[in-house]
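The structure under discussion appears below in the form of C-alpha cells.
The values are calculated or read from the model by the stated rules, or taken from the named source; none is laboratory data. Bear in mind the structure is a predicted one, so any value in this text is a computation, not a measurement. Note: ideal-geometry Cβ built from the backbone for every residue, glycine included; neighbour counts use all protein chains shown.
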Amino acid sequence: MCTAATYKTNDFYFGRTLDYESSYGEEIVIMPRNFPLNFVNMGRIATHYAVIGTAHVAQDYPLFYDAANEKGLAMAGLNFVGNAFYRDDIDGRDNVAQFEFIPWILCQCANVTEARTLIEKINITKTQFSPQMPAGQLHWIIADKNDCIVVESVKEGINVYDDPVGVLTNNPTFDMQMFRLNDFRGLSPKQPENTFSDKLDLTSYSRGMGAMGLPGDLSSQSRFVRAAFVKMNSRSAPDEQSSVSQFFHILNSVDQQRGCCEVAESKYEITIYTSCCNTEKGIYYYTTYNGHQISAVDMHKEDLDSAKLIAYPMITNEIINFQN
Ligand SMILES: C[C@H](CCC(=O)NCCS(=O)(=O)O)[C@H]1CC[C@H]2[C@@H]3[C@H](O)C[C@@H]4C[C@H](O)CC[C@]4(C)[C@H]3C[C@H](O)[C@]12C
C-alpha cells in the first residue's frame, strides 16, 4: 500500500509513503537537463527540465517512483492492482510505456495544465522495461501548487480525475475513494455536540471525539479517508521546518509498522520510505523505515546542466541524537 499527499504553506510540498514487503533498491536520483531520454516510441528528448525523485536505476535509466521537476510539477505512481490496464501501441497516439510516464510528463510539462494537454494524446503501453521487470500496475497523482489530478489507465480508457483533496492511495478507483468521504462528512477536529438524543445527557469525556469513527486500519480506502482528514485539517506555521515537519506528520498517520499487514507467510508490508519534496526549492526530504531522521537532497546544489544521472543511496539506518 502507498499513500501520496500534497500540502501548501509558503511553498508547495508533495510526497508519498512507499509501502511494500521488499525493496527494488531505490535511490534519490537527480536527472539533469541534458541527460538524454530515449523513449521506446516517442523518440529522443536530449534537453528537458531537471527532475529529482526516488528511482531504481537500471541500465543507467531512472525508473522513477515519485519525482518533481524544476518547475514545481510533481508526480507519483501508486499500486493499482487489478484495475490498471495498459494497451499495445495505438496508431496516432503518443505511445508511452508505463515506466516512461513520469519522465515523459516531468521532462516536458511545467504545470498540471500542460500535463493535462499531453495526457489527452497519450496511450500508456504495456511495454516492459526489460524481460525481468514486468510492468507495475499503477495509477498516478500529478500536482503543482494550484492543481492536482489523478490519472488511471483502465479497460475503458484513460480517466483523468480532479483531486481536490490532494491525496491518493491504491484501490479502488479514485472516484470511489473520493465518494467514501461522504460517509465521514460529520467528522470534525472540534468536540461534537450531543445530537444523539436530547433526552440523554451524553458527555464528551475525552478530547478528539469529533473524529470518532475515522478508520484506523491499513486498507487503502481507510488510509485515503484518514490521510484526507489529517491533510485537510492540518495546521502549521508556513516556514520550511514547520511545513516539512507537518508534512511528515500527515503521512505518518498512514504509516505501516512491520507485523500489522501480512502479505505472505511471515512477510509483512512496511513503509519503506516516506518522502516530502519542496517542489519550489527542489529539495527532496525523506525518512526510511529504520531511518527516522529526516535526510535531504537539494537538486540545486548539483550541476543541473550535466548529462549524467546523480544518485544518493537512501540512508536506511537509525541515527540517534544522543544528548549526553
Ligand atoms: C510496488 C510500488 C508501489 C507500492 C504500493 O503501492 N504498494 C501497495 C501494495 S497494495 O497494492 O496495496 O497491495 C511501485 C511504485 C513504483 C513502482 C516502480 C516504478 O514504476 C518503476 C519501475 C517500473 C517497471 O515497469 C517495473 C519496476 C519498477 C521499479 C516499479 C516497481 C514497483 O511496481 C513500484 C516500486
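Here are the numbers for the structure shown:
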item: For Gln132: the one exception among (1) at pLDDT below 95; (2) under 20 Å from Phe224 (Cβ atoms); result: (2)
item: Total residues in region 100-113, condition within 16 Å of the ligand (Cβ to nearest atom) and among the aliphatic types (A, V, I, L, M); result: 3
item: Complete set of residues in region 219-250 that are of a type in the set (Lys, Arg) and either touching a strand residue (DSSP E or B) at 6+ places or on another chain (Cβ under 8 Å) or buried (at least 16 other Cβ atoms within 10 Å of the Cβ) (or both); result: Arg223, Arg226, Lys231
item: All positions within region 39-54 that are touching a helix residue (DSSP H, G or I) at 6+ places or on another chain (Cβ under 8 Å), within 15 Å of the ligand (Cβ to nearest atom) and in a strand (DSSP E or B); result: Phe39, Val51, Gly53
item: Filter pass, Thr203 being among the polar types (S, T, N, Q) and under 23 Å from Phe64 (Cα atoms); result: no
item: Subset of region 1-17 that is hydrophobic (A, V, I, L, M, F, W, C) and in a strand (DSSP E or B) - its residue that is farthest from the ligand (Cβ to nearest atom); result: Phe12
item: Region 305-324, subset in contact with an Asp or Glu (Cβ under 7 Å, 6 or more places away or on another chain) and surrounded by 12 or more Cβ atoms within 10 Å (Cβ to Cβ), residue nearest to Val254 (Cα to Cα); result: Met314
item: Within region 18-38, tally of residues that are part of a strand (DSSP E or B) and more than 9 Å from the ligand (Cβ to nearest atom); result: 7
item: Members of region 202-261 found to be out of contact with any Leu (no Cβ under 7 Å at 6 or more places or on another chain) and at positive phi, listed by number; result: Gly208, Gly259
item: Residues of region 133-175 classified as more than 15 Å from the ligand (Cβ to nearest atom) and in contact with a helix residue (DSSP H, G or I) (Cβ under 9 Å, 6 or more places away or on another chain), total; result: 14
item: Filter result for the condition that a residue is modelled with pLDDT of 95 or more, in contact with a Ser or Thr (Cβ under 7 Å, 6 or more places away or on another chain), surrounded by fewer than 17 Cβ atoms within 10 Å (Cβ to Cβ) and over 21 Å from Leu106 (Cβ atoms), over Pro189, Pro215; result: Pro215
item: Segments classed as strands (runs of 3 or more DSSP E), wholly inside region 208-324, with at least 3 members that are within 21 Å of the chain's Cα centre (by Cα) and among the aliphatic types (A, V, I, L, M); result: 291-298
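Every residue, every condition in (1) on the phi > 0 side of the Ramachandran plot; (2) without any contact (Cβ under 8 Å) to a residue 24 or more places away in the chain; (3) of a type outside the set (Phe, Trp, Tyr), yes or no:
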{"residue": "Tyr65", "(1), (2), (3)": "no, no, no"}
{"residue": "Ala74", "(1), (2), (3)": "no, no, yes"}
{"residue": "Asn83", "(1), (2), (3)": "no, no, yes"}
{"residue": "Ile124", "(1), (2), (3)": "no, no, yes"}
{"residue": "Gln132", "(1), (2), (3)": "no, yes, yes"}
{"residue": "Ala135", "(1), (2), (3)": "no, no, yes"}
{"residue": "Asp147", "(1), (2), (3)": "no, no, yes"}
